[in-house]
Each structure stands twice: as C-alpha cells, then as structure tokens.
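Asks: Have a look at this one.
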C-alpha cells in the first residue's frame, strides 16, 4: 500500500495534487500554463480548506514537514500564487501582471 499523498482529512484535495509544486518558479509556470477555469476551480477547492490546512501545518516546524504535509504546504503556496489572479485580475494574460518569462524567483 502506498503512502497517502496528503495528510488525513485532506484527501479530497488530492484531485489538485498537480498544483503541489516545490518551487515558486514551478508554481508560477503552472499558473501561466493552466486554463482559467482550472485555476478558478483550484482556488475554490483550496480556499475552502486553507484555514484547516494552516492549522494542521502549524503543528510542525517547516523544515521537518513529512512528505504528505509538505505537499499540503505546496498546495497552500500555489493558492497564494493564483489568488490575485482570481480575486483581482480574472485573466491570466492581464497586461498588469509580470510576464512569466521575465520572472526570476529567488529560491
């Protein structure tokens, strides 16, 4: 039997596991490459559970997160990546956003 992808109680978010990316650059590239309807659906699913996710993750030191908790943390970070797009701009190609190819994340 394989290990769970996410911590107990968060299994419904496994449908969004492709958004659990470990670097800011990867999360931004996923946002840019995803259709807006997928971004909105991910935002809705993750927003509904973000407070519970933060409560769960706050039990552990960041550097010591288990793999399932790390994926949950990465999902939360992806929510941050898409939030302004969904809540303010509503369009991934908005001219007021930084062009993805010019963005350099400091990892």
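The values are calculated or read from the model by the stated rules, or taken from the named source; none is laboratory data. Bear in mind the structure is a predicted one, so any value in this text is a computation, not a measurement. Cβ coordinates were reconstructed from backbone atoms using ideal geometry, including for glycine residues, and neighbour counts include every protein chain displayed.
Asks: For residue 2, are the conditions met, namely being modelled with pLDDT under 95 and out of contact with any helix residue (DSSP H, G or I) (no Cβ under 9 Å at 6 or more places or on another chain)?
Replies: Here the answer is yes, as residue 2 does meet what is asked.
Asks: Those residues that are crowded, with 18+ Cβ neighbours inside 10 Å and modelled with pLDDT under 90, I need them from segment 18-38; list them, please.
Replies: 28
Asks: May I pose another question? Name every residue in segment 2-17 that is exposed (fewer than 12 other Cβ atoms within 10 Å of the Cβ) and in a helix (DSSP H, G or I), in order of residue number.
Replies: Scanning segment 2-17 gives 11, 12, 15.
Asks: Of all residues in segment 50-107, count the ones that are assigned to a helix (DSSP H, G or I), at pLDDT below 95 and within 20 Å of residue 36 (Cα to Cα).
Replies: 12
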